[in-house]
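Undergrad: The following block contains the structure, expressed as structure tokens.
The values are calculated or read from the model by the stated rules, or taken from the named source; none is laboratory data. Since the model is a prediction, treat every value here as computed from it, not as a measurement. Note: ideal-geometry Cβ built from the backbone for every residue, glycine included; neighbour counts use all protein chains shown.
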């Protein structure tokens, strides 16, 4: 080695070749469509896990026990309040699961948890109008929403308001420009069920129809036969829900009276008394939305 040469000039690591990328240095490119479907699948899995796990961990509240008992007795043909607790469709929906899955306490909550997952799937199905990315993001937020998760784990009919509102908007938009009467009939049936799912079903139905109008304003008035199909389906489902499939005719007037009475006594008469609670709920429970 020459006395004037430096060590750096003989360094075997000092080469002009470009460094080779390791496996960890290489990027993973996921197509946008594939990524959206991955997020959508994650939203469904999260929705199922958050709504179905540990449903039997806590006992029923008093209100939940009343609805569950009415649904259980309805299936067994025993005594049921004529007013159906002012939530006829919530009682009917829970009774269907008691009929199909037995009389365990968790079965009643499975009914509402199933409705919560259906709500997330319905939001994913709105990609046609909201766009794929927007619908997927909304479904992911809904899947993790503490408010919707809590509503899906309680037997109080709250989550049914969400599901049926989405069904109303979606079916009306699907029926636009089509000759079929199926979509108007489904939207009418969903409206009838929404009205008797919870005392707040009446304002929820009004908001769903207003939201539909603002989302896609019709250029012309709907056909008469479509309007008649929707009206007939709405009245029919209203009668079936309030009478437990015509098995309790006396419940029709009593349950409707209880719906309107609860709406006024529990909600409208006290409107504005706790106006700050929605803002607190968004700040404390819905940080993702905020």
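Undergrad: Residues being assigned to a helix (DSSP H, G or I) and over 16 Å from residue 49 (Cβ atoms): count how many of those fall in segment 116-125. I'd like the intermediate steps shown before the answer.
TA: Narrowing segment 116-125 to residues assigned to a helix (DSSP H, G or I): 116-124.
From what's left, over 16 Å from residue 49 (Cβ atoms): 122-124.
Qualifying residue count for the region: 3.
Undergrad: With respect to residue 257, is the statement that it is farther than 30 Å from residue 49 by Cβ and in contact with a helix residue (DSSP H, G or I) (Cβ under 6 Å, 6 or more places away or on another chain) true?
TA: no
Undergrad: Among the numbered criteria (1) assigned to a helix (DSSP H, G or I); (2) surrounded by fewer than 16 Cβ atoms within 10 Å (Cβ to Cβ), which single criterion is violated by residue 78?
TA: Against the list (1) assigned to a helix (DSSP H, G or I); (2) surrounded by fewer than 16 Cβ atoms within 10 Å (Cβ to Cβ), residue 78 comes up short only on (1).
Undergrad: Mind checking whether some residue in segment 175-197 is within 18 Å of the chain's Cα centre (by Cα), in a loop (DSSP other than H, G, I, E, B) and crowded, with 21+ Cβ neighbours inside 10 Å?
TA: Within segment 175-197, one or more residues are within 18 Å of the chain's Cα centre (by Cα), in a loop (DSSP other than H, G, I, E, B) and crowded, with 21+ Cβ neighbours inside 10 Å.
Undergrad: Note down all Cβ pairs under 8 Å where the first residue falls in segment 116-133 and is loosely packed, with under 15 Cβ neighbours inside 10 Å, the second is part of a loop (DSSP other than H, G, I, E, B), and they're at least six residues apart or on different chains.
TA: Going by the 8 Å Cβ cut-off, the qualifying pairs are 129/216.
Undergrad: Let me ask you something else. Among the numbered conditions (1) more than 26 Å from residue 38 (Cβ to Cβ); (2) in contact (Cβ under 8 Å) with a residue 60 or more places away in the chain, tell me where residue 78 comes up short.
TA: (2)
Undergrad: Which one of these is in a helix (DSSP H, G or I), at pLDDT 95 or above and either surrounded by fewer than 17 Cβ atoms within 10 Å (Cβ to Cβ) or in contact with a strand residue (DSSP E or B) (Cβ under 7 Å, 6 or more places away or on another chain) (or both): 33, 45? Write out each step before concluding.
TA: Details: 33 fails: at pLDDT 95 or above.
That would be 45, the only listed residue that is in a helix (DSSP H, G or I), at pLDDT 95 or above and either surrounded by fewer than 17 Cβ atoms within 10 Å (Cβ to Cβ) or in contact with a strand residue (DSSP E or B) (Cβ under 7 Å, 6 or more places away or on another chain) (or both).
Undergrad: Here is a follow-up. Would you be able to say whether some residue in segment 138-152 is in contact (Cβ under 8 Å) with a residue 40 or more places away in the chain, surrounded by fewer than 22 Cβ atoms within 10 Å (Cβ to Cβ) and more than 14 Å from the chain's Cα centre (by Cα)?
TA: No, segment 138-152 contains no residue that is in contact (Cβ under 8 Å) with a residue 40 or more places away in the chain, surrounded by fewer than 22 Cβ atoms within 10 Å (Cβ to Cβ) and more than 14 Å from the chain's Cα centre (by Cα).
Undergrad: Please specify each residue of segment 98-113 satisfying the condition of being in contact (Cβ under 8 Å) with a residue 24 or more places away in the chain, surrounded by fewer than 23 Cβ atoms within 10 Å (Cβ to Cβ) and part of a helix (DSSP H, G or I). Reasoning before the result, please.
TA: To start, the set of residues in segment 98-113 that are in contact (Cβ under 8 Å) with a residue 24 or more places away in the chain comprises 98-99, 103-106, 108-113.
Narrowing further to those that are surrounded by fewer than 23 Cβ atoms within 10 Å (Cβ to Cβ): 98-99, 103-106, 110.
98, 99, 105, 106, 110 - these are the residues of segment 98-113 that are in contact (Cβ under 8 Å) with a residue 24 or more places away in the chain, surrounded by fewer than 23 Cβ atoms within 10 Å (Cβ to Cβ) and part of a helix (DSSP H, G or I).
Undergrad: I've got another one for you. What residue, among those in segment 126-168 that are at pLDDT below 90 and not in a helix (DSSP H, G or I), is farthest from residue 85 (Cα to Cα)?
TA: Looking at the filtered set, the residue picked out is 131.
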